[in-house]
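Here is the structure we will look at.
The values are calculated or read from the model by the stated rules, or taken from the named source; none is laboratory data. All values reported here derive from a predicted model rather than from experimental measurement. Cβ placement follows ideal geometry from the backbone for every residue including glycine, while neighbour counts extend to all protein chains displayed.
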Amino acid sequence: MSDIDPILEIYDRQAPTYDIMNSLMERLFSKGRTIFSLLRGKILEVGVGTGENLKYYHPSANITVFDWSPQMIRQTKMKVKRLELHNIKNFVIGDIQKLNNYFEPNSFDFITSTCVFCSVPDPLKGLQEIAKVLKSSGKFVQIEHGISNSKLLNIFMRAFDPITANMRGFHLTRNTLNNLERAGFSVIHEWSLDPAGIIRVIISKPK
Ligand SMILES: C[S@@+](CC[C@H](N)C(=O)[O-])C[C@H]1O[C@@H](n2cnc3c(N)ncnc32)[C@H](O)[C@@H]1O
């Protein structure tokens with residue numbers, strides 16, 4: 001029996017076709033991704049996937065990308081080469097839930113993630129690891145989808161959650177704002193990219 005996490009296997013399989021499968025959703029997500037152009041300094045992007053955010057970062061930023069899927073990192077490397085992105089300095093394969101094993105404490109000015117904490121098996125553990133390697137003055141900038149403002153919509157999303165989790169590797173009803181508070185972050189700004197409050201841009205800092 002394989003001891004590779006089944007969610008990692010799902011993302012490894014999806015990697016070559018991920019951008020095509022997500023092209024519709026990308027119209028919505030791309031409205032938020034521009035926020036990354038404002039960041040400077042040492043940046044860690046976790047769950048980089050195929051690297052959809054990378055073209056938005058400022059050329060002077062010093063960026064390390066991280067994902068547990070070797071196939072996703074392969075797609076990212078191809079995109080970095082194609083787009084000639086010289087600010088992407090390091091590619092690291094590993095598990096967000098063990099981030100502290102890969103980086104020194106207080107290493108980064110910013111940590112970023114988009115559409116990642118819907119997939120991390122233990123999101124609280126992952127967020128606690130983010131807090132360890134982020135500088136105490138640092139910010140965590142996320143775009144995440146999750147539970148909505150609508151009780152009716154949440155009923156449907158809860159019903160579909162096991163299907164997306166098993167087939168695509170992500171949950172529909174994670175409460176990222178709540179998880180951030182529980183993991184020791186203070187939310188500084190947050191806003192929604194859609195009227196139902198499903199997709200949120202969230203900026204937080206360690207308490
Ligand atoms: C839904 S994709 C999003 C990819 C990219 N951030 C984007 O916006 O298109 C989620 C990514 O998070 C990665 N991921 C999920 N759980 C992870 C973990 N525990 N450690 C490292 N990467 C993880 C997956 O391999 C996948 O590449």
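List of remarks:
- From the list THR176, THR114, THR164, the lone residue that is of a type outside the set (Gly, Ala, Ser), free of Cβ contacts under 8 Å to residues at least 12 places away in the same chain and either surrounded by 15 or more Cβ atoms within 10 Å (Cβ to Cβ) or touching a helix residue (DSSP H, G or I) at 6+ places or on another chain (Cβ under 9 Å) (or both) is THR164.
- When TRP191 is tested against (1) of a type outside the set (S, T, N, Q); (2) surrounded by fewer than 15 Cβ atoms within 10 Å (Cβ to Cβ); (3) within 16 Å of the ligand (Cβ to nearest atom); (4) under 17 Å from the mean Cα position of the chain (by Cα), exactly one condition is not met: (3).
- Region 78-106 residues that are free of Cβ contacts under 8 Å to residues at least 24 places away in the same chain, paired with ones that are surrounded by 12 or more Cβ atoms within 10 Å (Cβ to Cβ) (beta carbon under 8 Å, 6 or more apart): ASN101/GLY94
- Scanning region 36-54 for residues that are outside any strand (DSSP E or B) and over 17 Å from ASN22 (Cα atoms) yields a total of 6.
- Test: residue in region 13-21 that is among the charged types (D, E, K, R) and outside any loop (DSSP other than H, G, I, E, B): yes
- Filtering region 139-161 to residues that are part of a helix (DSSP H, G or I) and either touching a Lys or Arg at 6+ places or on another chain (Cβ under 6 Å) or crowded, with 20+ Cβ neighbours inside 10 Å (or both) leaves only MET157.
- Taken as a whole, region 151-170 holds at least one residue that is touching a Leu at 6+ places or on another chain (Cβ under 8 Å) and polar (S, T, N, Q).
- Residues satisfying the stated conditions in region 123-138, i.e. of a type in the set (D, E, K, R), farther than 12 Å from PHE185 by Cα and either assigned to a helix (DSSP H, G or I) or touching a helix residue (DSSP H, G or I) at 6+ places or on another chain (Cβ under 6 Å) (or both): LYS125
- Scanning region 82-101 for residues that are under 11 Å from LEU54 (Cβ atoms) and assigned to a helix (DSSP H, G or I) yields ARG82, LEU83.
- Restricted to region 80-106, and to residues there that are within 11 Å of the ligand (Cβ to nearest atom) and crowded, with 16+ Cβ neighbours inside 10 Å, the residue that is farthest from ALA183 (Cα to Cα) is VAL92.
- Of LEU38, LEU44, all but one fail to be over 21 Å from GLY169 (Cβ atoms), hydrophobic (A, V, I, L, M, F, W, C) and in contact with a strand residue (DSSP E or B) (Cβ under 8 Å, 6 or more places away or on another chain); the exception is LEU44.
- Per the conditions (1) without any contact (Cβ under 8 Å) to a residue 60 or more places away in the chain; (2) touching a Gly at 6+ places or on another chain (Cβ under 8 Å), the sole criterion not satisfied by ILE143 is (1).
- Residues that are crowded, with 16+ Cβ neighbours inside 10 Å, closer than 23 Å to ILE163 by Cβ, in contact (Cβ under 8 Å) with a residue 12 or more places away in the chain and among the hydrophobic types (A, V, I, L, M, F, W, C) occur in region 56-74; there is at least one.
- Region 23-55 - residue that is among the aliphatic types (A, V, I, L, M) and at pLDDT 95 or above and, of those, surrounded by the fewest Cβ atoms within 10 Å (Cβ to Cβ): LEU38
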